[in-house]
Amino acid sequence: MNAIDLPESWRTRAVLVTGEPPRSRRPISRFEKRRREWMLSRGAASLLPDAAYVSYSHSAPYAAAAKDEVPVGIDVAGRARRR
């Protein structure tokens, strides 16, 4: 999991990370891919101090979490896929 720098004012409230699932010999199902993204967003939250509210977001290859004492939200979008 690699943290991506955010503006100074966000650093104690939100974290954006990237990470790819480990390569395996068998293809990864869509369900398994989404489960790993979900876990990455929870890992991002563990990098922040505890707070009353938390928001999670994930979209390969990114995951994010935000925590604050007031309601907070965060959203990420992954790169567009080429067909």
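Computed from the coordinates by the stated procedures, all read-outs in this text should not be read as laboratory data. Source: prediction; values computed, not measured. Using ideal geometry, Cβ is built from the backbone for each residue, glycine included, and neighbour counts are taken over all protein chains shown.
Each other residue within a Cβ distance under 11 Å of His58 adds +1 if Lys or Arg and -1 if Asp or Glu, for a net charge of +3.
Only Lys, Arg, Asp and Glu carry charge here, each on its Cβ (+1 for the first two, -1 for the last two); on that basis the range 25-74 has a dipole of about 600 debye about its Cα centre.
With a 10 Å radius around each residue's Cβ, average the other Cβ atoms per peptide and rank 59-71, 31-43, highest first.
Those peptides, ordered most packed to least, come out 59-71, 31-43.
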